[in-house]
Structures are given as C-alpha cells and as structure tokens.
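What follows is a set of notes on a single structure, which appears directly below.
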Amino acid sequence: MDTDNGSSEFLLGEGSKPAADQNTLLRSHRAICISLLLVILLCIQILILQVVVWRNSSPPHASSSSVVRMHGLYCGNSSTDARIHGCHFDVFSFGWYPLECWDDELYNDFLERHETALRWETVDGTPVDVEEVKRGEHEFLISTWEFHLIHCLWAWEKMERAVLMKMPLDEWSLKYSHTQHCVHELMHQDQYEMQEMMTSATMFYPICGLSDSNLATLLGQGSSST
C-alpha cells in the first residue's frame, strides 16, 4: 500500500523571544531530531539487507500453511486461498502471510498500541468496522493519513524483529523503495491532517522466505513509492 517537518533556521538574539519565535525554534529542533532518527533507521535497514543478502541461507520449506512460488512461500491469489492455507491477514500492510512469516506476538502487541487510530471506509465513504477489516473481508479500502504513517513504522518493526528472530523475510517489509518512500512521508507528516481519508489499501499476497537473488533485487530497487 502499500511526517513532521519545520524550519531548520535557528533564531538567535538577546532578551526574551516572542512565543511564536520560541515555537518556531522548538519545531526546528524537533525536525532535526526526526531527520537524524530517520537517517539512522534507513542506514540500519541498508545494513540488515546487506547482511541478509550475504547470508547463505535456503528458503524455508513449505508447510501446510503455504504454497511455493518464485523460490518462496505465499498464500495464493485470494482471501479464500489464504484461509485454506492457514495464512494470517495483516491489517497494517493489508497482506496475507504464511505461518512462516507471521509473528503473532509482535502483531498483537502493535495492534494493541495502534488499534484506536484505525479508521476505514469504502470508496463511496461508507464506514467499515475495524473487526471486519481485521478478518480480511475487503479487497480495497480507504484509510487515514495517520494509518499510512503507522503502516510505515510497522514495516520497519516487522522487518527488524524478523531478522533478530531469524525468521524468513517477506518482500513487503524488505522492499527498499518502500523504505525510501516511508522516510520521505514521515519527514513530511504535516502535509495532511492526521484524520484525512486519503490512504488507499489493496489486498495482496507477498512472498515469504526470499532467495538471495530476490533479496539482492529488493536492495537494488530505486526510490519509487508504494
């Protein structure tokens, strides 16, 4: 499916500053801190991707929860296929994942932290219950700008924990162009109101357990946004 910014100019001078100038200075400090954090996160992902590409590990064997495609596992081509294969729907990426790429503990923890921010509606503006969305009942929905930012944070957290736990990696959270896109969006999060319904989500079925050649391709992709 798949940002905060401010002036970098510091106001210097003697005596007390008007409240507006002080607020500008605080926003400048905050913007610099966010920019540095995002650069660090981007560097960490590049390093992780390089380590994974160099790691000579074979793709996982398919279990009853998945089928094989392109040197990896996936859940089929529909929500019906995914359910038959015992896959799990991830509301933050809007994708179905095989058991091999599913971290139930992390997903439930992240959902608990961010579920109150979730809002969904159909293309014609009809609200959709969050529980219905979590079941993977809809192929396409609209959500808020805030959801888009949460979706970006989820990609990083999901990928880093998978590496630390030595789980198979999926093509969505590892896609480098998506990371570049998310860095830009998080650095400019004030471009929309948080509750503006402007984020489209289309259901998809990412590959799980990528080969080294797949990983190298993801690392080398450009900066197109997804």
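The values are calculated or read from the model by the stated rules, or taken from the named source; none is laboratory data. This structure is a prediction, so every number in the text was calculated from the model and none was measured. Cβ atoms come from the backbone with ideal geometry, glycine included; neighbour counts cover every protein chain shown. Ligands, DNA and RNA are excluded from the accessible area calculation, which covers all protein heavy atoms including side chains. Shrake-Rupley method; radii C 1.70, N 1.55, O 1.52, S 1.80 Å.
Worth a mention:
- Of everything in region 200-222 that is small (Gly, Ala, Ser) and assigned to a helix (DSSP H, G or I), the residue that is modelled with the lowest pLDDT is Gly220.
- Filtering region 144-182 to residues that are more than 15 Å from Tyr97 (Cα to Cα), among the basic types (Lys, Arg) and surrounded by 19 or more Cβ atoms within 10 Å (Cβ to Cβ) leaves only Lys175.
- Residue-level analysis places His114 outside the set of residues that are open to solvent by 10 Å² or more (accessible area, probe 1.4 Å) and assigned to a loop (DSSP other than H, G, I, E, B).
- Residue match in region 86-108 (condition: on the phi > 0 side of the Ramachandran plot, more than 17 Å from the chain's Cα centre (by Cα) and either assigned to a loop (DSSP other than H, G, I, E, B) or at pLDDT below 95 (or both)): yes
- Enumeration of residues in region 183-196 that are surrounded by 17 or more Cβ atoms within 10 Å (Cβ to Cβ) and either of a type in the set (Asp, Glu) or outside any helix (DSSP H, G or I) (or both): Glu185, Tyr192
- Test result for Thr122, under 21 Å from Phe89 (Cα atoms), among the β-branched types (Val, Ile, Thr), open to solvent by less than 70 Å² (accessible area, probe 1.4 Å) and modelled with pLDDT of 90 or more: yes
- Being open to solvent by less than 10 Å² (accessible area, probe 1.4 Å), within 18 Å of Ser93 (Cα to Cα) and not in a loop (DSSP other than H, G, I, E, B) is a description that applies to Leu141.
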